[in-house]
Amino acid sequence: MSTINGLPAHILLVHAIVVLLPLAATLLVVTTVWPAMRRRLAGPNVLLALAVLALVPVTTDAGEWLEQRVPQTPLLHDHTELGDTAVWVALPVAVLALFVWWRGREADNGVAPVGGRTFLAPGSAVVTRIVVAVAVVAAGLGIYDVYRIGDSGAKASWTGQFSSTPLPGEGRDDGD
């Protein structure tokens, strides 16, 4: 995918990642620590996290297409290198979302639908504490990585591309 409605696909797709990956990460923490929300939101969060995981390589591929069509700068290089890390933070969010959902099903049903046994220790407080800690770390890393990638992309796009003072011209606010 190279363009959408005449615009580079990357600049449109990246907005989905910027919103949806932190949302999936936040919902991961919420569903991990709050049983009532787990029952309501863990399933939808699995779908969201898997969609984000699928969208990341599409977005990075579109970014690689765009990278070959803009001037190369050190800021662009930094952005493309950071962009390659997105899949590595989206993957644990998706896997943990699936784990939390499945574990919640085992807890609600008393047994797993596979052979009548539980596999993820839904009643274990120790496992719960570990899952909470890992989910918080994975979510924090995911949100931080999206911030770093977005910040580097904004710098690559906008550094040296605007004036700190309004430009003169008709229809422009000249500060009066």
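The values are calculated or read from the model by the stated rules, or taken from the named source; none is laboratory data. Because the structure is a prediction, the values reported are computed rather than measured. Note that each Cβ is placed from the backbone with ideal geometry, even for glycine, and that neighbours are counted across all protein chains shown.
Annotations for the structure displayed:
- Selection status of ILE130, part of a helix (DSSP H, G or I), within 18 Å of LEU23 (Cα to Cα), of a type in the set (A, V, I, L, M) and at pLDDT 85 or above: no
- Inside segment 7-42, residues that are buried (at least 17 other Cβ atoms within 10 Å of the Cβ), in a helix (DSSP H, G or I) and either over 17 Å from the mean Cα position of the chain (by Cα) or of a type outside the set (Val, Ile, Thr) (or both) make up a count of 14.
- If the condition is being without any contact (Cβ under 8 Å) to a residue 40 or more places away in the chain, out of contact with any Ser or Thr (no Cβ under 7 Å at 6 or more places or on another chain) and not charged (D, E, K, R), then segment 34-46 contributes TRP34, ALA36, PRO44.
- Any pair with Cβ under 7 angstrom, 6 or more apart, that starts in segment 144-163 at a residue that is over 18 Å from LEU66 (Cα atoms) and ends at one that is of a type outside the set (Lys, Arg): ASP145/THR85; ASP145/ALA86; ASP145/VAL89; VAL146/ILE17; VAL146/VAL18; VAL146/LEU21; VAL146/PRO22; ARG148/LEU82
- Selection within segment 47-84 - part of a loop (DSSP other than H, G, I, E, B), touching a residue at least 24 places away in the same chain (Cβ under 8 Å) and under 21 Å from THR3 (Cα atoms): ARG69, ASP84
- Check on VAL30, closer than 18 Å to VAL136 by Cα, at pLDDT 95 or above and of a type outside the set (Gly, Ala, Ser): yes
- Within segment 144-153, restricting attention to residues that are surrounded by fewer than 19 Cβ atoms within 10 Å (Cβ to Cβ) and not basic (Lys, Arg), the residue that is farthest from the chain's Cα centre (by Cα) is ASP151.
- Residue count for segment 144-176, restricted to those that are of a type in the set (Lys, Arg) and at pLDDT below 90: 1.
- Listed by first and then second residue, the pairs linking a residue in segment 85-102 that is closer than 21 Å to PRO122 by Cβ and free of Cβ contacts under 8 Å to residues at least 40 places away in the same chain to a residue that is of a type in the set (Ser, Thr, Tyr) and surrounded by fewer than 24 Cβ atoms within 10 Å (Cβ to Cβ), with Cβ atoms under 9 Å apart and 6 or more places separating them unless they lie on different chains, form an empty list.
- Any pair with Cβ under 6 angstrom, 6 or more apart, that starts in segment 13-33 at a residue that is closer than 18 Å to VAL58 by Cα and ends at one that is part of a helix (DSSP H, G or I) and hydroxyl-bearing (Ser, Thr, Tyr): LEU13/THR59; VAL14/THR59; ILE17/THR59
- Test result for ALA90, in a helix (DSSP H, G or I) and surrounded by 18 or more Cβ atoms within 10 Å (Cβ to Cβ): yes
- Some residue of segment 108-118 being part of a helix (DSSP H, G or I) and modelled with pLDDT under 95: yes
- Among the residues of segment 60-80, none qualifies, meaning not one is in contact with a Pro (Cβ under 8 Å, 6 or more places away or on another chain), on the phi < 0 side of the Ramachandran plot and β-branched (Val, Ile, Thr).
- Residues of segment 48-76 that are loosely packed, with under 14 Cβ neighbours inside 10 Å and of a type in the set (Asp, Glu): GLU64 alone.
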